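S.K.: Got a structure for you, questions after.
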Amino acid sequence: QKNTAVRDTHRPPPPPLPKSSGGVSSVTNDTFVNRSEQKQNTGCLFAPFYWYYIVLKKYVVFKGRARRKEYWYFWLVNIILFLFSGLISGEDGGLMACYFIAVFLPSVAVSFRRLHDIGRSGWWFFILFIPWVGVVFYFIFMVLNSQQKTNVYGENPKALIAYKNAD
């Protein structure tokens, strides 16, 4: 029998992929977009760990912007690992203390980048030290949507990934 499948001969071939070294392309001076990040299935079970890894990769990067997804998934995994380290370390809490020290700077850095994403200076992080009211304002800042356009801290990370996916 003959194959009766119809071929679409009118569709042009896809454009060639741009060449890059190491899978990382420079978008701006302080922002890098990994090609694997563009194709990341954020609906899968491991998505929170992926964003946790991204934050740790930018260990003390205080420049640039961080989306809500990056910030909240980092904190989700951070809390889970902190509680898990507490279960393992027992009463002395040595492992918890080590984990806290290890992720303190990335936590502050991602908070600064998240504030940059909504157009605020990183110094707004210190609003946390105002009892009760500071925590409420900080939480409101963290749930706000990104500024859609480029601000003084860089391009919108959502727009960067959407633009790169369109290539």
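The values are calculated or read from the model by the stated rules, or taken from the named source; none is laboratory data. The structure presented is a predicted model; accordingly, all values stated were derived computationally and were not measured. Note that we place each Cβ from the backbone using ideal geometry, even for glycine, and neighbour counts take in every protein chain shown.
S.K.: Does G122 fit the bill of being more than 19 Å from W72 (Cα to Cα) and small (G, A, S)?
M.R.: Working: more than 19 Å from W72 (Cα to Cα): no; small (G, A, S): yes.
When the stated conditions are applied, G122 does not pass them.
S.K.: Residue under question is V133, and the condition is that it be among the β-branched types (V, I, T) and surrounded by 13 or more Cβ atoms within 10 Å (Cβ to Cβ); does it hold? Give the derivation first.
M.R.: Numbers: among the β-branched types (V, I, T): yes; surrounded by 13 or more Cβ atoms within 10 Å (Cβ to Cβ): no.
When the stated conditions are applied, V133 does not pass them.
S.K.: Need the failing condition index for L45 against (1) part of a loop (DSSP other than H, G, I, E, B); (2) free of Cβ contacts under 8 Å to residues at least 40 places away in the same chain; (3) under 20 Å from G154 (Cβ atoms), just the number.
M.R.: Every condition holds for L45 apart from (3).
S.K.: Looking only at the stretch 48-87, which residues are surrounded by fewer than 18 Cβ atoms within 10 Å (Cβ to Cβ), charged (D, E, K, R) and outside any loop (DSSP other than H, G, I, E, B)?
M.R.: Within the stretch 48-87, K57, R68, K69 qualify.
S.K.: Looking at G154, G90, can you tell me which residue is modelled with pLDDT under 95 and crowded, with 18+ Cβ neighbours inside 10 Å?
M.R.: On the way: G90 fails: crowded, with 18+ Cβ neighbours inside 10 Å.
Only one candidate passes the filter, namely G154.
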